[in-house]
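Okay, structure first, notes after.
The values are calculated or read from the model by the stated rules, or taken from the named source; none is laboratory data. Bear in mind that the values here come from a model prediction, so they are computed numbers and not experimental data. So basically every Cβ, Gly included, is an ideal-geometry build from the backbone, and we count neighbours across all protein chains shown.
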Amino acid sequence: MAGPERRLIVLRHAKSAWPDGVPDHDRPLAPRGRRDAPAAGRWLRKFGLVPDRVICSTAERARQTWQLAEEKLGARPETVFDERVYGATSAELLDLARHAPAGVRTLLIVGHDPAMHELTLDLAETQPAGQDSDALDRVRIKFPTAAIAVLEFTGTWPKLGPGQAWLADFVVPGDFRPKPHDKN
């Protein structure tokens, strides 16, 4: 069987801080977020999940997440900071993905919950036989900060819709955060 034609990677921003008097859009990453974001980038690089294009929320915590992840990615994919990602619904994020250029094989969206969680569940409503249903069950329970969902599908971006992708992987910071004995 041939591999997927397209891959959508959904990255929820890393853990943010809640400084007094700072508007939600301007909240920075918390120390834990500053640790998890680079680890997410290392995980993406390790598993060959380097995107061709990135659509990132304009919120400070999402921008910082992508900046720190990209530093460990070993590549500089085309990045678009799109204000529509902040506050988007699952349907609005799907619409952004559907408008990805035809040449993009792997698209990464850096955004916020609940839309990231809902988008993942909408696209991978059911898993085909032989796929990891445990990953989908984990997504149903929680989509924590800095979590990464890797969705794969055949077809073109404009045809992507609910139930048309499978969840190839789902990792949370505890899965990819460096262990004390790791050198990275």
(message) It is to be established whether one or more residues within the range 16-27 are out of contact with any strand residue (DSSP E or B) (no Cβ under 9 Å at 6 or more places or on another chain) and of a type in the set (F, W, Y).
(response) yes
(message) Conditions first: (1) at pLDDT below 90; (2) more than 25 Å from A62 (Cα to Cα). F153 passes all but one, so which condition is the exception?
(response) (1)
(request) Look through the range 71-101, keep the residues that are touching a Gly at 6+ places or on another chain (Cβ under 6 Å) and in a helix (DSSP H, G or I), and return whichever of them is nearest to D169 (Cα to Cα). (result) L73
(message) Among the residues of the range 45-64, are any in contact (Cβ under 8 Å) with a residue 60 or more places away in the chain and buried (at least 21 other Cβ atoms within 10 Å of the Cβ)?
(response) no
(request) For T65, state whether it is in contact with a His (Cβ under 6 Å, 6 or more places away or on another chain) and part of a helix (DSSP H, G or I). (result) yes
(message) On the basis of being buried (at least 18 other Cβ atoms within 10 Å of the Cβ) and modelled with pLDDT of 90 or more, does F176 make the cut?
(response) no
